[in-house]
Amino acid sequence: SSSGNGSPSFRRKPVIIIVVGMAGSGKTTLMHRLVCHTHLNNIRGYVINLDPAVMTLPYGVNIDVRDTVKYKEVMKQFNLGPNGGILTSLNLFATRFDEVISVIERRADQLDYVLVDTPGQIEIFTWSASGAIITEAFASTFPTVVAYVVDTPRSADPSTFMSNMLYACSILYKTRLPLILTFNKVDVVAHQFALEWMEDFEAFQAAASSDHSYTSTLTQSLSLVLDEFYNNLKSVGVSAVSGVGMEAFFKAVEASADEYMETY
Ligand code: GDP
Ligand code: MG
């Protein structure tokens, strides 16, 4: 109700879905699954790859950072290592991101969602100027949501779970966009434990206190902080491999987009 949506040019569609998460959480596999789901259900999707270093993608893309910047050449030209090469490639791409926005704007009437895959190393997107520029460019033009992908089996340990949630929390604060905690790989481990920990911080504290390597007072304070954080977001369980949870995911996206329209 503050700024953007007062303008008549601000549309409800397409909704931008930025997929972020730790390396190996399953972003690319989930993107593939989401793309398949859109094709099978006549949902009109548009796909953007922002990972300059990915070798092959299992899904077709409409806009690919790799078509504009060759990360290996950027590495050579600026004498950089792999991470510097990826970061610089994304910076170069960000300088021309208004062109990407224009392309989407021209197709807006024919699109429901824009799915955005991000670099394997999460901080390259979430803690860089170019990541912020790209996110802001999306969010000032279209309703934009962040899908934070969690490796559920690897988060079953309380200290890993908390680290992951704190990271998600920092992304929420940095982007100020609706965030969907997307618990992936539920074909391996169900995300029920996570829902219980998020619902009841005492249950989480009890689980954490059995882990003696953990500083219990810090855990207790942080779980109170996170309790407030959980109130501000949606969570879904999905499996990029089995395809479970796709409808719940898109439902959460729609609810987040509504929230976006009310807030921004
Ligand atoms: P990214 O680095 O976040 O893009 O992760 P990838 O999509 O490359 O996936 C990392 C690994 O997790 C791969 O071996 C995937 O096959 C696996 N993976 C991804 N999603 C799932 C899932 O839902 N279930 C299972 N069992 N494995 C998954
Ligand atoms: Mg990937």
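A few comments on the model shown:
- Residue in region 111-121 that is open to solvent by 20 Å² or more (accessible area, probe 1.4 Å) and in a helix (DSSP H, G or I) present: no
- Cβ separations smaller than 6 Å between residues 6+ apart or across chains give the following pairs from region 103-119 residues that are closer than 19 Å to Ile171 by Cβ and within 16 Å of ligand 1 (Cβ to nearest atom) to residues that are part of a loop (DSSP other than H, G, I, E, B) and not acidic (Asp, Glu): Thr118/Leu50.
Per-residue answers, yes or no, for (1) of a type in the set (Asp, Glu); (2) surrounded by 14 or more Cβ atoms within 10 Å (Cβ to Cβ):
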| site | (1), (2) |
| --- | --- |
| Thr152 | no, yes |
| Glu202 | yes, no |
| Thr217 | no, no |
| Ser223 | no, yes |
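- Those residues of region 133-150 which are under 24 Å from Gly24 (Cβ atoms) and open to solvent by 30 Å² or more (accessible area, probe 1.4 Å), in sequence order: none
- Screening Leu166 with (1) touching a Phe, Trp or Tyr at 6+ places or on another chain (Cβ under 9 Å); (2) buried (at least 16 other Cβ atoms within 10 Å of the Cβ); (3) modelled with pLDDT under 95 gives one miss only, at (2).
- Members of region 12-48 found to be among the polar types (S, T, N, Q) and more than 11 Å from ligand 1 (Cβ to nearest atom), listed by number: Thr38, Asn41, Asn42
- Residue among Val114, Val61, Val65 that is among the β-branched types (Val, Ile, Thr), under 27 Å from Val236 (Cα atoms) and within 16 Å of ligand 2 (Cβ to nearest atom): Val61
- Scope region 128-150; condition touching a residue at least 40 places away in the same chain (Cβ under 8 Å), closer than 25 Å to Met55 by Cα and among the hydrophobic types (A, V, I, L, M, F, W, C); matching residues: Ala132, Ile134, Val146, Ala147, Val149, Val150
- Counting only residues that are open to solvent by 10 Å² or more (accessible area, probe 1.4 Å), in a helix (DSSP H, G or I) and of a type in the set (Val, Ile, Thr), region 244-264 holds 1 of them.
- Under the condition of being free of Cβ contacts under 8 Å to residues at least 60 places away in the same chain and surrounded by 17 or more Cβ atoms within 10 Å (Cβ to Cβ), the residues counted in region 24-79 number 10.
- The criterion of being part of a helix (DSSP H, G or I), within 16 Å of ligand 2 (Cβ to nearest atom) and surrounded by 19 or more Cβ atoms within 10 Å (Cβ to Cβ) holds for Phe125.
- Check on Gly85, without any contact (Cβ under 8 Å) to a residue 40 or more places away in the chain and open to solvent by 20 Å² or more (accessible area, probe 1.4 Å): no
The values are calculated or read from the model by the stated rules, or taken from the named source; none is laboratory data. Everything numeric here is computed off the predicted structure, so don't read it as measured data. In this analysis, Cβ positions are derived from the backbone assuming ideal geometry, glycine residues included, and neighbour counts consider all displayed protein chains. Keep in mind that these areas ignore ligands, DNA and RNA; they rest on the heavy atoms of the full protein, side chains included. Shrake-Rupley method; radii C 1.70, N 1.55, O 1.52, S 1.80 Å.
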